[in-house]
Every structure is written in C-alpha cells, then in structure tokens.
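Shown next, in structure tokens, is the structure this report addresses.
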Amino acid sequence: MKSTSAGAEPAAGPPKGANAAPARGAIRRGTNLPRLGGFNESVVLDAIRRHPEGLSRVELAGATGLSAQTITNITRRLLDRGIARESGRRSVGSGKPRTLLRIVSGARYAIGVHLDPAVLTYVLLDLLGTVTARRREPAPYDAGPERVVAGTARSVSALLAESGVDRDRVLGLGIAAPGPVDLARGLVVGPPGLPGWGTVALRERLSEATGLPVLLDKDVIAAAVAEHWTGATTDSRDFLFCYLGTGSGMGLVVDDSVLRGSSGNLGETGGLCAACSTRALVDEAVELGALDDGFSTTVPRDAHRGMRRLAELVAEGEPRACGLVDRWGVRIGRGAGAVADLLDSATVVFGGPVWPLLGGRLLPAIEPVIAASPFVRRARPVAVTSSAIGEDVAAVGAACLVLDQALSAQPKSLLLG
C-alpha cells in the first residue's frame with residue numbers, strides 16, 4: 001500500500017453522507033473529466049458553492065474541519081487560479097470584519113445535453129449551476145446514433161459560439177439519455193424510445209466527436225441531480241424526484257447522495273405511476289375525444305405536440321381534458337405515495353417536461369392522495385413540491401453531473417492504490 005507524501009495537507013473528514021463507502025452505482029468510472037482540485041480543495045469549493053453570499057476563512061475552517069493553515073493554502077491557490085475571489089466583508093462581534101470568499105461563476109462551465117426522443121436540449125451552466133445559454137431542437141427520431149452524435153457535436157459548437165465562452169473553459173459534457181444505460185462502459189442499451197439504436201457507446205462517440213470529456217447518466221437520475229444541485233431541495237438530504245416527460249421515472253436522494261442502483265438504472269417505475277408518459281396521456285385524451293385523432297403518438301414529437309394542445313384545453317377549462325388530468329393526478333399520487341412510503345422519503349418533488357404544462361392542475365390532485373397515506377399520517381408529514389428548474393431539468397442535470405465530478409468532494413479520491 002502506498003502512503004501519502006510527507007507534509008501533505010491532512011484530508012478533511014468525509015463530506016455529508018460519506019460515512020460509509022459510496023454505493024457501487026454511485027462511482028463514476030471510465031472518464032478523464034478534469035477536477036478543479038484534490039479532495040481538500042473540493043471540500044472547500046463545495047462549502048463556498050453552497051453559500052452564495054460568501055464564507056470567510058474562519059467560517060470555512062469551522063465548516064470543513066480543516067486547519068486554518070490548510071484553509072489559507074487552499075484559498076490562496078483558488079484565488080491564484082481565478083476560481084474564487086474575495087468579495088465583501090462580514091462583521092462578527094467586536095473583531096475585525098472578515099473577508100468573504102465567493103466562487104467566480106464564469107471561471108469554468110459545463111455543457112448538458114438531454115437526448116429525449118422528442119426534443120434535444122442543450123444548456124451551458126457556470127460554476128454556480130446557472131444556465132447561461134440554451135438551445136433546443138427537434139430530435140431526429142428516425143435517425144441512427146451516427147446522425148445524432150454528429151448533430152450533437154455541431155449543436156455543442158453552436159451553443160459555445162452563441163455564448164461567447166471559450167472551449168478551454170469548459171470542464172466537460174454531460175448527457176442525459178433514456179435508459180437502460182451501462183454506466184461503467186458508457187453505453188445506452190436498446191432504449192425503447194430510440195428505435196434501431198441497439199447498444200451504443202454513446203459516451204465514447206460523443207467524446208470523440210466533441211473533443212470534450214463526457215459523462216453519461218439516465219435522464220431520470222440526471223433530473224434528480226439537477227434538483228439536488230440547483231433546485232428547491234438543495235438543502236434537503238433526502239427526497240424523491242418524480243420525472244414526467246416522454247417517459248417517466250423516479251430519482252432518489254438519500255443522505256445527500258443520488259442513488260443509481262447496482263446497474264445504474266434505478267428509477268424505472270414501470271406501471272407504478274400508471275405509465276405516466278406523454279404518449280400514454282395523449283393516447284387516453286384521444287380515446288376520450290378530448291383530442292382529435294390527428295394527434296398520433298407514433299412519433300414522439302407528435303405526442304409532444306398533443307401534450308401541449310391538451311395543456312391548452314385544460315387552461316381553457318375543457319371538461320374532458322380537465323377530468324382526465326385530475327384522474328391522472330390521483331394515479332400519480334398513489335404511485336408516488338407508495339414509493340415515498342416504501343423509501344421513507346420526507347419530500348416528493350415533481351418535474352420534467354410535462355410538469356410546467358400540467359403541474360398547476362396535477363399538484364392539487366396529487367397532494368391529498370399522498371397526504372392520505374395511513375403511514376404518512378402516523379409517522380411524519382411528506383412535503384410535496386414542484387421543481388423550479390423547468391422543462392430543461394434533465395439537460396441541467398446532465399451539466400450538473402460534470403460540475404459535481406469537478407467540484408464536489410469525491411470520497412473515492414482518498415483510496416490509496
């Protein structure tokens with residue numbers, strides 16, 4: 001076993017949620033994504049990031065458990081590299097005002113891509129997780145992976161050109177894809193929404209096409225990562241994220257860690273939430289006569305168009321459309337409530353492309369169903385809320401995968417080879 005070199009700065013204690021070794025599914029392998037610092041630097045960066053108003057060096061020492069000298073050394077390096085800056089002072093008691101440190105949001109960026117069967121979404125995030133540029137285009141549903149990869153590379157270049165951000169300031173590219181996925185090898189494995197794809201080495205192909213390090217994750221899990229990083233639950237250590245889009249699924253955060261499962265495909269709910277997908281809802285609306293039969297769901301973007309029309313009818317108060325969505329709210333509430341009971345989740349967050357369209361009608365139907373759970377009434381209340389990220393949540397999550405890998409403390413970096 002190797003030992004650390006003499007004089008190395010002492011490692012901080014494990015970050016939140018890292019008392020035990022991370023689950024196998026949470027370890028990201030097979031990427032050369034650059035990190036912005038070692039373990040201790042990442043601990044400090046993460047602490048500063050979580051406090052946009054800034055932290056003093058004394059506060060950083062208290063928050064991280066690192067010595068004052070270690071904090072001084074680390075913050076000097078971060079300042080020299082332009083990743084952090086001194087900004088403002090805070091008075092504490094009668095002592096000298098303390099200089100605050102903040103992240104320089106534009107020092108580095110991350111790109112996120114959501115490969116949805118209906119729409120391809122691209123976002124550019126700064127170090128604080130703020131979307132600084134976005135791009136959206138119809139997905140070439142009937143195209144093979146070669147065409148999608150080539151088109152993605154062109155769109156990534158266009159996104160950077162439009163934003164004015166230099167490519168050398170981009171940490172990497174994250175992609176949120178429909179499952180199943182093989183995280184270890186960076187594969188999508190015959191996704192049902194992408195006919196004819198089979199097994200595709202998407203991570204490797206995109207890295208070759210864009211020249212950027214690439215991370216791959218399932219779209220539902222990426223959405224949970226986005227909520228954990230930039231959404232309404234950034235201070236919550238445990239929540240269930242219910243994703244409603246072209247497909248549906250659930251992401252889970254436990255003890256401040258996003259869970260992925262043994263194969264990286266946690267969250268496939270099947271019929272648990274009544275197959276709450278765009279296609280299923282539009283199909284039922286056509287059957288009921290709320291939508292005319294011109295809204296075919298064979299092609300995902302046509303189903304997406306039907307969903308938008310259904311949302312317009314709900315906003316207009318059309319009885320059949322409203323009744324349908326209300327019934328779906330009850331079904332979704334039963335499914336989400338059952339999972340929240342099973343996993344003892346204190347918070348349930350709803351989001352995804354469907355949610356900005358119908359969430360205002362669905363949420364009032366969902367909340368009482370979850371609240372009526374006998375277990376919930378006996379044990380503890382469950383907070384039910386909407387994601388504020390919007391329909392780009394999976395793309396934002398894909399970029400957050402990159403930020404998390406580059407910025408957050410990774411306990412595996414403490415393992416000695």
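The values are calculated or read from the model by the stated rules, or taken from the named source; none is laboratory data. Since we're looking at a predicted model, the values are computed, not measured. Cβ coordinates were reconstructed from backbone atoms using ideal geometry, including for glycine residues, and neighbour counts include every protein chain displayed.
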statement: Within the range 38-57, restricting to residues that are in a helix (DSSP H, G or I) and touching a strand residue (DSSP E or B) at 6+ places or on another chain (Cβ under 6 Å), the one that is nearest to Asn73 (Cα to Cα) is Ile48
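Could you look through the range 92-136, keep only residues that are polar (S, T, N, Q) and at pLDDT 95 or above, and pick out the one that is nearest to Leu45 (Cα to Cα)?
To start, the set of residues in the range 92-136 that are polar (S, T, N, Q) comprises 94, 99, 105, 121, 130, 132.
Adding the requirement that they be at pLDDT 95 or above leaves 121, 132.
Working: Thr121: 28, Thr132: 21 Å.
Checked the range 92-136; the qualifying residue nearest to Leu45 (Cα to Cα) is Thr132.
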statement: Of Leu363, Leu358, the only residue that is closer than 21 Å to Glu312 by Cα and surrounded by 18 or more Cβ atoms within 10 Å (Cβ to Cβ) is Leu358
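Please find, among Thr72, Thr99, the residue that is among the hydroxyl-bearing types (Ser, Thr, Tyr), touching a residue at least 24 places away in the same chain (Cβ under 8 Å) and out of contact with any Cys (no Cβ under 9 Å at 6 or more places or on another chain).
Numbers: Thr72 fails: touching a residue at least 24 places away in the same chain (Cβ under 8 Å).
Just a single option satisfies the conditions, and that option is Thr99.
State yes or no: is Thr70 modelled with pLDDT under 95 and more than 30 Å from Arg203 (Cβ to Cβ)? Break it down stepwise before answering.
Working: modelled with pLDDT under 95: yes; more than 30 Å from Arg203 (Cβ to Cβ): yes.
Here the answer is yes, as Thr70 does meet what is asked.
Looking at Gly196, Gly179, which is the one that is out of contact with any Cys (no Cβ under 8 Å at 6 or more places or on another chain), at pLDDT below 90 and surrounded by fewer than 14 Cβ atoms within 10 Å (Cβ to Cβ)?
Numbers: Gly179 fails: surrounded by fewer than 14 Cβ atoms within 10 Å (Cβ to Cβ).
Step by step, each of Gly196, Gly179 is checked, and only Gly196 is out of contact with any Cys (no Cβ under 8 Å at 6 or more places or on another chain), at pLDDT below 90 and surrounded by fewer than 14 Cβ atoms within 10 Å (Cβ to Cβ).
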- prompt: Could you say which residue among Ala177, Ala158 is more than 19 Å from Gly198 (Cα to Cα) and hydrophobic (A, V, I, L, M, F, W, C)?
  reply: Ala158
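Checking the conditions here, which among Arg76, Arg57 is basic (Lys, Arg) and under 18 Å from Phe39 (Cβ atoms)?
Details: Arg57 fails: under 18 Å from Phe39 (Cβ atoms).
Matching residue, one of Arg76, Arg57: Arg76.
Pro140 - would you say it is surrounded by fewer than 17 Cβ atoms within 10 Å (Cβ to Cβ), of a type outside the set (Phe, Trp, Tyr), free of Cβ contacts under 8 Å to residues at least 40 places away in the same chain and closer than 23 Å to Gly198 by Cα?
yes
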query: For the range 123-169, which residues satisfy the criterion of being farther than 26 Å from Ala406 by Cα and either part of a strand (DSSP E or B) or within 19 Å of the chain's Cα centre (by Cα) (or both)?
result: Glu137, Pro138
